[in-house]
Amino acid sequence: MRSIPLSARLLVAVLVVLSVVLPGQVEAQGVNHLYDKFQFGAAAADVVLGSTIRIDNADGSIGTDLDLGDLGISKNAFAPAVGFSWRPGKRHLLAVDYLWISRNGDKVLTDTINFADTSFAAGLRIKSKFSAPNLAFNYRFAFMAKENTQLGFQVGLGLLFFKIDIDALAAATGGGADTTTVSYSASMNLTRPTASLGLYGNFRFRG
């Protein structure tokens, strides 16, 4: 049986730089939308990832512990997100959120790495693609629910759809003038459950 240990730690810092609501939710002067029954939103978020990945080989040999930087993949970039929420009561909210996380990398390896039954030798140029979109179902309870302020806690369950692809191009010379190039790759898909617990706050500023 193949052993596929995966250690993935996602440190997420979210900075909303763009927020869009449905036309029916555009706030008119003096209207408070903190307690709307239904809401839909879209945002751009700055996501910072700290991930260590290891995929062992089918024969039981240990794969290489990889940091995203080892594959030339940036640890932070903007990512789009969408969400829909339903408020059954003033203090309660149920939400579904989806965050797209996708990065590409390009790097010349300084060390040989073993990943998913494939060895990539030092000196090879590789192209990598990392994606980890997250689907989350959240419940929020506001222990403070004033006209212009909400403070509370959030619990959530979700799914992380993890995928990584590594492609390499190798060149070899058989002693003559001809050079042979061979491309090869390795890929891995995993789906893992997630859980979250934290605090949240919403505030309305009146002009």
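The values are calculated or read from the model by the stated rules, or taken from the named source; none is laboratory data. Since this is a predicted model, take the numbers as computed values, not measurements. Glycine gets a Cβ as well: all are built from the backbone with ideal geometry, and neighbour counts include every protein chain shown. We work out accessible area using only protein heavy atoms, side chains counted, and drop any ligands, DNA or RNA first. Shrake-Rupley method; radii C 1.70, N 1.55, O 1.52, S 1.80 Å.
See the values below:
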quantity: Positions within the stretch 124-147 being in a strand (DSSP E or B), open to solvent by less than 30 Å² (accessible area, probe 1.4 Å) and free of Cβ contacts under 8 Å to residues at least 40 places away in the same chain, in sequence order; calculated: Ser131
quantity: Residue in the stretch 121-137 that is within 16 Å of the chain's Cα centre (by Cα), modelled with pLDDT of 85 or more and of a type in the set (Val, Ile, Thr) present; calculated: no
quantity: Test: residue in the stretch 131-141 that is touching a Lys or Arg at 6+ places or on another chain (Cβ under 7 Å) and not hydroxyl-bearing (Ser, Thr, Tyr); calculated: yes
quantity: Selection from the stretch 60-75 of residues that are more than 13 Å from Ser128 (Cβ to Cβ) and of a type in the set (S, T, N, Q); calculated: Ser61, Thr64
